[in-house]
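Please treat every number below as a calculation from the coordinates, not as lab data. It should be emphasised that the depicted structure is a prediction, and the values quoted were computed from it without experimental measurement. Using ideal geometry, Cβ is built from the backbone for each residue, glycine included, and neighbour counts are taken over all protein chains shown.
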Amino acid sequence: MSIQENKKTKTSQNLFQFISSAVVGLAFVAGLSGCGVQGIPQAKNNTDAALAEITNQYKRRSDLIPNLVNVVKGFASHEKDTLEGVVNARAKATQTTIDPSKMSVEKLKEFQAAQGQLSQALGRLMMITENYPNLKADANFRDLQAQLEGTENRITIARQRYIESVKEFNNLVTVPPTSWTNSIFYHHEKMAQWDVSESEKGVIEKAPEVKF
């Protein structure tokens, strides 16, 4: 075999080894991907984004309340206890926050309880407005009521998305083979799942309709 032929043979062998290594490497990466190397952090990002959407919608509801209270006060100032109940519940809900990096069952329940109490207070406020035809006819009140109803709907949707994202994440970190990847690389624990409290369920189911 000539020197030139020998070089060609070695070049072919090196090319074959390179292609083989690349194929093996791609197969290894694909295998890791299927075992959750990418899926687990992506699922974690999805849960964080879903939780942020919940808090954003609750903040939007909270921002509507001062104007709503002021409008109601203009027509029903003697409903002092109900109005103060909404203001106090809003203050507590605003002070109770959740941090995805420090999430726990207790923290989530505390947040839910505060928002549930605010939902109850808003439900009572909406009930008393039925006794004031002039208030119900007020354009500002009707606009705020419509915005509030829309926000409640978005809160419900955001909560459902969070529930689904947590379910997906928990499956990845607890069900083989992705759970094996988690135990080796990430060490994530199951996330606390959202559970709508009975008090908040009642408000959602009995939410007043917007009537024109």
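So what J values fall out for the stretch 56-72 if you push phi through Karplus, 6.51 cos²θ - 1.76 cosθ + 1.60 with θ = phi - 60°, rounded to Hz, Gly and Pro as x?
Couplings: 5, 5, 5, 5, 4, 5, 4, 5, 6, 5, x, 5, 4, 4, 5, 5, 5 Hz.
If Lys and Arg each add +1 and Asp and Glu each add -1, what is the summed charge of the other residues whose beta carbon sits under 12 Å from the beta carbon of Arg90? The partial results should precede the final answer.
Values: positive: Lys59, Arg61, Lys92; negative: Asp63, Glu84.
Residues near Arg90 contribute +1 overall.
Rg and Dmax in Å for the stretch 44-205, alpha carbons only: what are they?
Values for the stretch 44-205 (Cα only, Rg and Dmax): 18.9, 65 Å.
Put a dot 7 Å past each Cα toward the Cβ at His78 and Thr97; how far apart are the dots in nm?
Here the answer is 4.2 nm between the modelled labels.
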